[in-house]
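Asker: First, the structure itself, so that you have it in front of you.
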Amino acid sequence: ISWTAPFLPVDSYVVWLSRDGGASWEELASGITGTAFNWIVDGVLTEQALIRVFALDQHGVMGYDTSDAGFVIAGALHPPHPASNLLAGHDDVEMLLEWKGPLVDLLHGPASHYRVLRATSPQGPWSEIATPTVETTSDTLDVNPGQVFFYRVVATNAAGDATP
């Protein structure tokens, strides 16, 4: 967890965690003098976690900041949800592919990369043509001019591939 220091001098920081969208809070660490804290995530799973960092000087709390959006704390890494909304377009040289990355929840971990597959038939056989870590890639079309290709994007992580 890291944050930006305020303009005024700070003596220390306190980091708090909410697992219920801000209804209740638990202290993770206090007496931090830098602007980062290494946190080993544990405890109750949630889809509504928030982090709040308090800045303190010799008189007490100067102010605080809370994470902009809730995040997921999952117990173990699970394969991701499938990628979605595959869009394709070409410029006679390259097929440009773009898709939406999967959502993360308690039963599905984040995608670490994507397996981009190509076939000449909707039933396959499929060949892996790229493994990007972002939600876009391209495929050179000059290999087989005029050939029709079908594409599939599979979200994956260390726990395995997403299942459709």
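Asker: Of all residues in the range 25-52, count the ones that are open to solvent by 60 Å² or more (accessible area, probe 1.4 Å) and in a loop (DSSP other than H, G, I, E, B).
Answerer: Final tally of qualifying residues: 8.
Asker: In addition: Do we have Asp42 as out of contact with any strand residue (DSSP E or B) (no Cβ under 7 Å at 6 or more places or on another chain) and not aliphatic (A, V, I, L, M) here? Spell out how you get there, then give the answer.
Answerer: Values: out of contact with any strand residue (DSSP E or B) (no Cβ under 7 Å at 6 or more places or on another chain): yes; not aliphatic (A, V, I, L, M): yes.
Yes: the conditions hold for Asp42.
Asker: Which residues, counting only those in the range 53-83, are open to solvent by 50 Å² or more (accessible area, probe 1.4 Å), of a type outside the set (D, E, K, R) and part of a strand (DSSP E or B)?
Answerer: Listed by number, the residues that qualify are Val61, Met62, Tyr64, Phe71.
Asker: List, please: which pairs have Cβ atoms under 8 Å, are six or more places apart or on different chains, and start with a residue in the range 52-66 that is more than 14 Å from Gly22 (Cα to Cα) and modelled with pLDDT of 95 or more and end with one that is open to solvent by less than 50 Å² (accessible area, probe 1.4 Å) and polar (S, T, N, Q)?
Answerer: So the pair list comes out as Leu56/Ser12.
Asker: Restricting to the range 140-164, and then to whatever is more than 18 Å from Lys100 (Cα to Cα) and of a type outside the set (A, V, I, L, M, F, W, C), can you tell me which residue is modelled with the highest pLDDT?
Answerer: Selected residue: Gly160.
The values are calculated or read from the model by the stated rules, or taken from the named source; none is laboratory data. What you see is a predicted model, and the numbers here were worked out from it, not measured in a lab. When we count neighbours, we look across all protein chains shown, and the Cβ atoms used for this are built from the backbone with ideal geometry, even at glycine. In case anyone asks, the SASA skips ligands and DNA or RNA and just uses the protein heavy atoms, side chains included. Shrake-Rupley method; radii C 1.70, N 1.55, O 1.52, S 1.80 Å.
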